[in-house]
Amino acid sequence: MTRDIEVGDELPDWVGAKEFYQKYDPKEVIGRGVSSVVRRCVHKQTGQELAVKIIEITAEKMTEQQLEEVKSSTLKEIQVLNMVKGHPSIITLVDSYESTTFIFLVFDLMRRGELFDYLTEKVTLGEKETRSIMRALLEAVQYLHSLSIVHRDLKPENILLDDQGHIKLSDFGFSVQLEPGEKLRELCGTPGYLAPEILKCSMDETHEGYGREVDLWACGVILFTLLAGSPPFWHRKQLLMLRMIMEGRYQFSSPEWDDRSSTVKDLICGLLELEPAKRLTAEQALAHPFFCQYQREKVRLFSPRKTFRVMIWTVLGCIRIQCRYHRARPLTRELLARDPYSLRGVRKLIDGCAFRIYGHWVKKGEQQNRAALFQNTTKVFLLGLEEFDN
Ligand code: ADP
Ligand code: MG
């Protein structure tokens, strides 16, 4: 039985927990959050496998204020989850139960886990795979924004993969539904994915606030990260990283970018646009040539103009391949010893081995550091803002 809980409702006693255990069998832990544990669980009657997010709300481990915050944010999360249920790229809340000490949220089971883990295993993704992930993500964001919902915590850890490798957006813990014309001021999210206006707004009382555009900035960070294997904004000193974000300072400099199309770089620039009003919206991003190039080809019938264009591109492509072939450095022992990282195949091999040995990425260059991906776990944080002014 699913209950509709309203924010401000008194939580019922332990009955909710008993109801949950009567209906479901909790199994092993498959994920952890700040105040939650996610377990696989089995619906006793049907044998269906699901995931349950168990949120602890006991006064023992928290102050009274923290307790209230967790309760009210979880109830808001449930409200949003009920609103967005049914979208193919958004996680479905199947059931919810509350007791005095725990809240149980039952979801469909995303067996292949986080996009984050998939990326760390793969090192980087190709444009084709990135296109299908980003299309699904932007469609989910477009749907949320059509309901005036801002997610505020888009990152690869909150994008989950099912058996077939399709993505679903999850973790609506920071989501809010905006009133018409409403602007937000709260500093929340995950450092590397924060939009510049969130940071600016927290430092300047006269700032007008921020809106749904922050989700598109985060999509830009995700797109960059999937293709490069490391985030666009990173510095081992977090304050300097935040400064880079505020100045929109990032580069397509790592070796991976040599092989990437100018189309996808243009899309990244449109998403990582400092000015929120000029940043691409979800619709505009989905209409970008990066997503359209293959779809258009499918629907059009024979067109002499297009055929001519394809012929020209093919000839140019052949010339390019031939030039590359002639320019290609022969793989010698000397080159392998001097600069193995400059060779694409060897680079992938080194990255893969390093990950298996160290359990985390190692430094790749001056700007890029894959360890940065693992340092974005803080969900809510407050900045020493005065340090920025210096
Ligand atoms: P938090 O709000 O505390 O970050 P999340 O909802 O993001 O909690 O869940 C924490 C982690 O649990 C996720 O990053 C993911 O690894 C795992 N997880 C959450 N929901 C599911 C699910 N439906 N299927 C599989 N794993 C999940
Ligand atoms: Mg999360």
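The values are calculated or read from the model by the stated rules, or taken from the named source; none is laboratory data. Please read all numbers here as calculations on a predicted model, not as lab measurements. Here Cβ is always computed from backbone atoms with ideal geometry, including for glycine, and neighbour counts include all displayed protein chains. Ligands, DNA and RNA are excluded from the accessible area calculation, which covers all protein heavy atoms including side chains. Shrake-Rupley method; radii C 1.70, N 1.55, O 1.52, S 1.80 Å.
I need the phi-derived Karplus couplings for segment 277-290: 6.51 cos²θ - 1.76 cosθ + 1.60, θ = phi - 60°, integer Hz, Gly and Pro marked x.
Here the 3J(HN,Hα) series is 5, 8, 5, 4, 8, 4, 4, 4, 5, 5, 8, 5, x, 4 Hz.
So, with +1 on the Cβ of K and R and -1 on the Cβ of D and E, and no other charges, what is the size of the charge dipole of segment 100-160 about its Cα centre, to the nearest 20 debye?
So the dipole magnitude of segment 100-160 works out to roughly 120 debye.
Once you place label points 7 Å from the Cα toward the Cβ at K122 and L147, how far apart are they in nm?
Result: 2.7 nm between the two label points.
So if we plug the beta-carbon distance of Q238 and R185 into 1/(1 + (r/R0)^6) with R0 = 22 Å, what FRET efficiency do we get, rounded to 0.05?
Numbers: r = 21 Å, r/R0 = 0.95.
Once the sixth-power term is evaluated, E becomes 0.55.
Calculate, for Q66 and A287, the FRET efficiency according to 1/(1 + (r/R0)^6) with r their C-beta to C-beta distance and R0 51 Å; round to the nearest 0.05. If you can, show how the numbers build up before the last one.
Values: r = 43 Å, r/R0 = 0.85.
Here the calculated transfer efficiency is 0.75.
Taking all protein chains as present, what is the carbon and sulfur share of the accessible area of segment 151-280, in % to the nearest whole number, probe 1.4 Å? Mind dumping the intermediate values first?
On the way: 2260 of 4890 Å².
Carbon with sulfur: 46 percent of the solvent-accessible area.
I want to check the label-to-label distance for T206 and A277. Put each point 7 Å from Cα in the C-beta direction and report it in nm to one decimal.
It is 1.7 nm.
What spacing in nm lies between the two simple spin-label points modelled at D162 and V34, each 7 Å away from Cα in the Cβ direction?
Between D162 and V34, the label points sit 2.9 nm apart.
Enumerate the calculated ³J(HN,Hα) couplings along segment 173-178 in order (Karplus 6.51 cos²θ - 1.76 cosθ + 1.60, θ = phi - 60°), each rounded to whole Hz, writing x wherever the residue is Gly or Pro.
x, 10, 6, 9, 9, 7
Could you sort out which of K155/K237; K200/K237; K71/K168; K128/K155; K128/K348 sit more than 22 Å apart by Cα distance in this structure?
Working: K155/K237 20 Å; K200/K237 18 Å; K71/K168 25 Å; K128/K155 20 Å; K128/K348 18 Å.
Violating the 22 Å limit, Cα to Cα: K71/K168.
Express in nm, to one decimal, how much length is gained between C318 and R249 on full extension, taking 0.36 nm for each residue of separation and deducting their alpha carbon distance. Could you put the intermediate results ahead of the total?
Numbers: separation 69, 0.36 × 69 = 24.84 nm, distance 3.54 nm.
Once the chain is fully extended between C318 and R249, it gains 21.3 nm.
How much area per residue is accessible in segment 172-320 when the probe is 1.4 Å and only protein heavy atoms are counted (Å²)?
Details: 7660 Å² over 149 residues.
With the other protein chains kept in place, segment 172-320 gives 51 Å² per residue.
Would you please give the residues with an amide H less than 5 Å from that of G248, counting only those at least 5 places away or on a separate chain, with H modeled from the backbone geometry?
none
If amide hydrogens are placed 1.01 Å from N in the peptide plane, which non-local residues have theirs closer than 5 Å to the one on C41?
K27, L50, A51, V52
If you plug each phi of segment 232-249 into the Karplus form 6.51 cos²θ - 1.76 cosθ + 1.60 with θ = phi - 60°, what whole-Hz ³J(HN,Hα) values come out, in order, with x for Gly and Pro?
Whole-Hz 3J(HN,Hα) from phi for segment 232-249: x, 10, 8, 8, 5, 8, 4, 5, 5, 5, 5, 5, 4, 5, 5, 8, x, 8.
Leaving out ligands, DNA and RNA, what percent of the accessible area of segment 78-145 is carbon and sulfur, probe 1.4 Å?
50 percent
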